[in-house]
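Take a look at the structure set out below.
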Amino acid sequence: MLKLSIHFNMNNNIPVLCKSIGKLFLIFVFSISTLASKAQSIVKHSKILGADISWLPQFEAEGRKFYDNGKPKDAIAILKKHHFNYIRLRIFNNPRADSGYSKKGYCDFKGTLKMAKRIKAAGMGFLLDFHYSDNWADPGKQYVPAAWQNLTYLQLQDSVRVFTRRVLRALKQQGTLPDMVQVGNEINHGMMWPYGNITHLDTLAGLLRAGIGGVKDISMLPKIMIHIACGGQNEESRHFFDNMLMRGVHFDIIGESYYPEWHGTPTDLKNNLTDLATRYKQDIIVVEYSHKKVEVNDVEFNLPGGKGKGTFIWEPLDYHEAVFNKDGKPNAFLKMYDKISEKYHIK
């Protein structure tokens, strides 16, 4: 705290003294605001090559290593070397709950704070993915967190906002504010069933507005993403976004998952995303995919109006066509990203 001791007498030049104090105050305020701005700056990339690596802390705790030129190295640094510029993390409410994701607490509040520091220290963008559940949330399951199961709908809305705000406040306080926030995970069938089931469009929209409000309570800087798993399904995508926009859900980015076994061919993906790009003002990101890496990025970065902002490969450290072998050594899939980044001038 700045302290000023001032002694007045009748001969003091009070206007000059006031002017000096004013200058000191302005310098102080400017310095504090500059530091705060620097600490909470949002990473901006015109094009995103992202990866969800939420499993990384668990892998490291199990003693797994990842290699670059035969030497152990931080997986985040290896991905950055191959032109990845964004990391996505999922967060569960209480993964240690009886029906939770992990008794060891992976992907919890404290773990998210630690990983956020690593992401920001690497100079990479940070997307935070709220599942609003103690366990996996996807089109086949959207469980209410154990602590919220006996709440009324209005109480549930309030809890969503308070939880979101708590997480964002803690991230902001440590200087790791997310650049992008995903309110719900693959919610084309709704979220926190039965309250926010897709058959209850008004209550679903209310829960989304609560989550978005929790972000905005802390900062207007992060972009808001709404994520559905309809990569090749245009009619379902349009139904969802038309209804949410009609109900006052305001967001910046359409997020889509694309897995060929559920969402069709790359042509289906292209047709859907092209229509969404021309129909809505929001930008578009393929926020989950694994297979057909070249095809997915070709679709995304060729959408009309430059609306395709990027992609996030899901768990590339150890899922399906992972970019590392089981022994932690990089493989040909990782090298694909050098070519993709060169083709689309991604830094």
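The values are calculated or read from the model by the stated rules, or taken from the named source; none is laboratory data. Since the structure is predicted, the reported quantities are computational estimates derived from the model, not experimental observations. Note that each Cβ is placed from the backbone with ideal geometry, even for glycine, and that neighbours are counted across all protein chains shown.
Residues in the stretch 320-341 that are farther than 21 Å from Pro260 by Cβ and of a type in the set (S, T, N, Q) were compared, and the one that is surrounded by the most Cβ atoms within 10 Å (Cβ to Cβ) is Ser341.
Residues checked against (1) under 12 Å from Ile218 (Cβ atoms); (2) of a type in the set (Gly, Ala, Ser); (3) under 17 Å from the mean Cα position of the chain (by Cα); (4) surrounded by fewer than 18 Cβ atoms within 10 Å (Cβ to Cβ):
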{"residue": "Leu156", "(1), (2), (3), (4)": "no, no, no, no"}
{"residue": "Val160", "(1), (2), (3), (4)": "no, no, yes, no"}
{"residue": "Ala170", "(1), (2), (3), (4)": "yes, yes, yes, yes"}
{"residue": "Gln173", "(1), (2), (3), (4)": "yes, no, no, yes"}
{"residue": "Pro178", "(1), (2), (3), (4)": "yes, no, yes, no"}
{"residue": "Met191", "(1), (2), (3), (4)": "no, no, no, no"}
{"residue": "Gly196", "(1), (2), (3), (4)": "no, yes, no, no"}
{"residue": "Thr199", "(1), (2), (3), (4)": "no, no, no, yes"}
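Scan the stretch 282-308 for residues that are under 21 Å from the mean Cα position of the chain (by Cα), among the basic types (Lys, Arg) and farther than 15 Å from Ser237 by Cβ and the total you get is 1. Inspect the stretch 226-239 for any residue being of a type in the set (A, V, I, L, M, F, W, C), surrounded by fewer than 23 Cβ atoms within 10 Å (Cβ to Cβ), modelled with pLDDT of 95 or more and not in a loop (DSSP other than H, G, I, E, B) and give the result as yes or no. No, every residue in the stretch 226-239 fails to be of a type in the set (A, V, I, L, M, F, W, C), surrounded by fewer than 23 Cβ atoms within 10 Å (Cβ to Cβ), modelled with pLDDT of 95 or more and not in a loop (DSSP other than H, G, I, E, B).
Checking each residue in the stretch 185-212 for being in a loop (DSSP other than H, G, I, E, B) and in contact (Cβ under 8 Å) with a residue 60 or more places away in the chain picks out Asn185, Glu186, Met192. Residue-level check: of (1) touching a Lys or Arg at 6+ places or on another chain (Cβ under 7 Å); (2) closer than 19 Å to Gly184 by Cα; (3) not basic (Lys, Arg), Pro95 misses just (1). With respect to Leu276, determine if the residue is farther than 29 Å from Lys73 by Cα, in contact with a His (Cβ under 8 Å, 6 or more places away or on another chain) and assigned to a helix (DSSP H, G or I). Criteria not met by Leu276. From the list Gly206, Gly184, the lone residue that is crowded, with 23+ Cβ neighbours inside 10 Å and of a type in the set (Gly, Ala, Ser) is Gly184.
Give Tyr132, Tyr67 a once-over and let me know the one that is of a type in the set (Phe, Trp, Tyr), surrounded by fewer than 17 Cβ atoms within 10 Å (Cβ to Cβ) and in contact with a strand residue (DSSP E or B) (Cβ under 8 Å, 6 or more places away or on another chain).
On the way: Tyr132 fails: surrounded by fewer than 17 Cβ atoms within 10 Å (Cβ to Cβ).
Answer to the selection: Tyr67.
When Leu151, Leu127 are screened for being within 14 Å of the chain's Cα centre (by Cα), among the aliphatic types (A, V, I, L, M) and in the same structural domain as Ile285 (by TED's automatic domain parsing), only Leu127 passes.
Looking at Gln157, Gln182, just one residue is touching a residue at least 40 places away in the same chain (Cβ under 8 Å), of a type outside the set (Gly, Ala, Ser) and either under 27 Å from Lys309 (Cβ atoms) or not assigned by TED's automatic domain parsing to the domain that holds Asp268 (or both), and that residue is Gln182.
So which of Asn302, Asn271, Asn297 is at pLDDT 95 or above, surrounded by fewer than 20 Cβ atoms within 10 Å (Cβ to Cβ) and not in a loop (DSSP other than H, G, I, E, B)? Break it down stepwise before answering.
Working: Asn302 fails: not in a loop (DSSP other than H, G, I, E, B); Asn297 fails: surrounded by fewer than 20 Cβ atoms within 10 Å (Cβ to Cβ).
After applying the criteria, what remains is Asn271.
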